[in-house]
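Values in this text are rule-based calculations from the coordinates and carry no lab data. Every value quoted in this text rests on a predicted model; they were computed, and no experiment measured them. Here Cβ is always computed from backbone atoms with ideal geometry, including for glycine, and neighbour counts include all displayed protein chains.
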Amino acid sequence: MRENVSMSTPARSTSLTDLLLLGQGRDLASERGVSCTGELPEASDPDLISRARAARAALGDRALVLGHHYQRDEVIEFADVTGDSFKLAQAAAAQSSAEYIIFCGVHFMAESADILTSNKQKVILPDLAAGCSMADMATANQVTQCWKDLEEVGVADTTIPVTYMNSSAAIKSFTGEHGGTICTSSNAKKSMEWALSKGEKILFLPDQHLGRNTALDDCVLWNPWKPMGGLTAEEIRGAKVILWRGHCSVHGRFTLESVNEVRKQVPGMKVLVHPECQHEVVAAADVVGSTEMIIKTVEQSPAGSAWAIGTELNLVSRLAKAHPDKKIVFLDKTVCYCSTMNRIDLPHLVWAMESLVDGHVVNQISVAPEVAKFSKLALEQMLAL
Ligand code: 13P
Ligand code: SF4
């Protein structure tokens with residue numbers, strides 16, 4: 001059942017400072033989540049790993065542990081399946097027998113897993129504070145208002161919503177209700193092509209960078225804090241893609257300056273970034289791809305190759321440990337994790353698993369049936385692409 005475990009067993013240890021070609025390491029134990037309704041084990045508990053192993057063994061096939069690639073090593077160690085958000089959605093949809101899906105990722109991923117699994121299965125998010133600042137940048141009220149404005153301008157009938165997985169279930173439901181699809185960074189291009197075969201325009205939510213990097217031209221930016229998105233009716237009518245003004249606070253940090261700097265410091269170094277990065281960074285990079293694609297690119301590159309990687313630091317650090325024959329550095333000057341991904345740590349995972357073993361379902365993520373109905377349509381549309 002277990003996949004992708006090789007990355008968690010390093011051949012030699014690489015320190016975080018080795019990854020920081022452009023700066024200095026600091027605050028390595030930062031952003032450890034603490035919010036929990038029960039007795040959270042101490043991170044320093046010497047029995048933590050054996051408790052995790054015992055609880056995992058006791059749950060057996062009743063549980064499936066899913067781990068996003070941005071999770072901490074200590075959590076990935078216990079994941080049955082690791083993946084990017086697309087692969088984990090597929091894994092959840094394909095899993096019909098496990099009673100509990102323990103989702104080590106963020107809230108919108110756990111919601112999607114709940115929508116895609118049967119009513120008998122329960123999805124658990126070990127720390128409820130593991131949200132996503134990008135998903136929070138599009139609220140249901142804002143999107144409803146935007147759609148009303150598009151109706152007023154006379155373009156709603158020919159506009160297809162394409163919504164990034166990184167969004168709340170309410171926004172996914174809006175998407176399904178209006179004939180759109182969900183996408184992830186691995187299928188954004190395919191999703192946009194599908195949408196343009198169904199309509200004339202795309203409303204792309206909520207990540208402007210993924211939308212811009214995929215669509216490239218004829219885009220306008222919708223600012224949800226301004227009347228009519230801050231656009232004129234002509235601008236809206238003339239655009240092929242209306243990008244929502246949201247972004248990822250982690251991928252948004254990588255700069256063109258850093259790309260130029262790493263290339264200057266290490267001639268021959270290639271730059272590999274996620275499409276959530278700003279357009280100028282993506283345009284200057286050698287390779288652009290989803291989290292899963294970043295991993296494959298490094299795995300398939302020859303020994304001795306050098307990569308500066310612009311994605312979440314837990315993954316970059318794990319790639320560096322798994323590939324000691326390659327030079328891998330982080331494309332930023334400072335240590336920067338996704339703070340919400342990092343909230344899921346071993347104490348929270350142990351607490352969630354031990355609670356399940358004791359018969360207490362904690363931190364269940366449950367999407368209301370009326371929201372799940374259209375969200376499921378939009379998610380299934382993506383899985384069928
Ligand atoms: P993927 O998992 O689709 O690469 O997305 C990256 C991300 O930011 C997840 O939160
Ligand atoms: Fe959200 Fe960015 Fe963190 Fe992904 S990496 S969970 S998009 S803040």
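Things worth noting here:
- Translational diffusion of the range 184-324 was estimated from the Stokes-Einstein equation, with Rh taken as the Kirkwood radius over Cα pairs; at 25 °C and 0.890 mPa s the coefficient is 150 µm²/s.
- The range 135-247 pair-distance distribution - Cα-Cα, 10 Å bins, rounded %: 16, 56, 28, 0
- Restraint check, 190/327; 240/270; 148/373; 264/326; 190/264; 264/333, Cα-Cα greater than 25 Å: 190/327; 240/270; 190/264
- Pairwise label distance in nanometres, residue 385 with residue 368, each label 7 Å out on the Cα-Cβ vector: 2.8 nm
- Other-chain or far-sequence residues with amide H under 5 Å of residue 65's (modelled H): 80, 81, 102
- Shown is the FRET efficiency for residue 264 and residue 216, computed with R0 = 25 Å from the Cβ-Cβ distance and rounded to the nearest 0.05: 0.35.
- Residues residue 44 and residue 325, FRET efficiency given R0 of 45 Å [Cβ-Cβ distance, rounded to 0.05]: 0.85
- The chain pair-distance distribution - Cα-Cα, 20 Å bins, rounded %: 29, 56, 15, 0
- Other-chain or far-sequence residues with amide H under 5 Å of residue 329's (modelled H): 307, 308, 309
- Ordered by the number of other Cβ atoms lying within 10 Å of each residue's own Cβ, fewest first, 21, 216 fall into the sequence 216, 21.
- Each residue, residue 234 and residue 54, gets one label point 7 Å from its Cα in the Cβ direction; the gap between the two is 7.3 nm.
- Summing +1 for each Lys or Arg and -1 for each Asp or Glu among the other residues whose beta-carbon sits under 15 angstrom from that of residue 302 gives +1.
- Fewest-first sequence of 164, 337 by Cβ atoms within 10 Å of each Cβ: 337, 164
- The chain: relative contact order in percent, alpha carbon pairs under 8 Å with at least 6 residues between: 26 percent
- Distances between placed amide hydrogens fall under 5 Å for residue 122 paired with 100, 101, all partners being 5 or more residues away or on another chain.
- Were the residues from residue 145 through residue 333 laid out at 0.36 nm apart, the gain over their Cα-Cα distance would be 63.7 nm.
- Gyration tensor (alpha-carbon) shape descriptor, the range 251-330, a/c threshold 1.5: oblate
- Both radii come from the Cα set of the range 251-385: Rg as radius of gyration, Rh as Kirkwood radius; their ratio Rg/Rh reads 1.09.
- Among beta bridges identified by DSSP and lying wholly in the chain, the antiparallel ones come to about 5 percent.
- Subtracting the Cα-Cα distance of residue 157 and residue 296 from their residue separation scaled by 0.36 nm leaves 46.1 nm.
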